[in-house]
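Only one structure is covered here, and it is reproduced in the block below.
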Amino acid sequence: MPMTKMGLSILVALAAAAGVFAGYVFLFRSPEGFLKADDVRVVARGNAVYVQYCASCHGRNLEGQPDWQTRNKEGFLPAPPHDQSGHTWHHPDRLLLNITKLGLVEAANLRDYRTRMPTFGGVLTDDDIIAVLSYIKSTWPEEIQKRHDNLNRAYESRQVVR
């Protein structure tokens, strides 16, 4: 049976909608908490990558820059700490990966936000980024790690409504 123009249009629209929905599924329905803070090899690799790419701004001991919550004269926030005193553990794994890979502006859809944080998507692989984030998480106290795990479960189980 020949396809009519209307039938073809409907088919194209359904395919486009499925593609958009699949994108949302990828963004919000990833494996529950994919950081590997208890994997010694991943954490060691993450530490090495962190020292090379992150420590110059975020501190060798994850302490961040002084007065990190106050914008400087140019309007930029200093690099935050990644230890328990910072806010890194307040964000689910998927968002942390996307911020590191794509940048805060794109990952959090903050079009007018100014940052000096570079994007690492063209520099580091996803596995490298996951290793760095796993290293960071491995330094948090057990209670903070558990709270982060619970955040991941809540984030990953939510239903996409768009």
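Numbers below:
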item: Check: region 48-162 dipole with +1 on Lys, Arg Cβ and -1 on Asp, Glu Cβ, in debye; result: 380
item: Cα-based equivalent ellipsoid of region 104-162: semi-axis lengths in Å, sorted from largest, via gyration tensor; result: 23, 20, 12
item: Extension gain from residue 112 to residue 84, taking 0.36 nm per residue of separation minus the Cα-Cα distance; result: 7.3 nm
item: Convex hull per residue volume in Å³, alpha carbons only, for region 31-129; result: 114
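Any read-out appearing in this document is the output of simple, stated calculations on the displayed coordinates, not a laboratory observation. Model, not experiment: these values are computed from the prediction. Note that each Cβ is placed from the backbone with ideal geometry, even for glycine, and that neighbours are counted across all protein chains shown.
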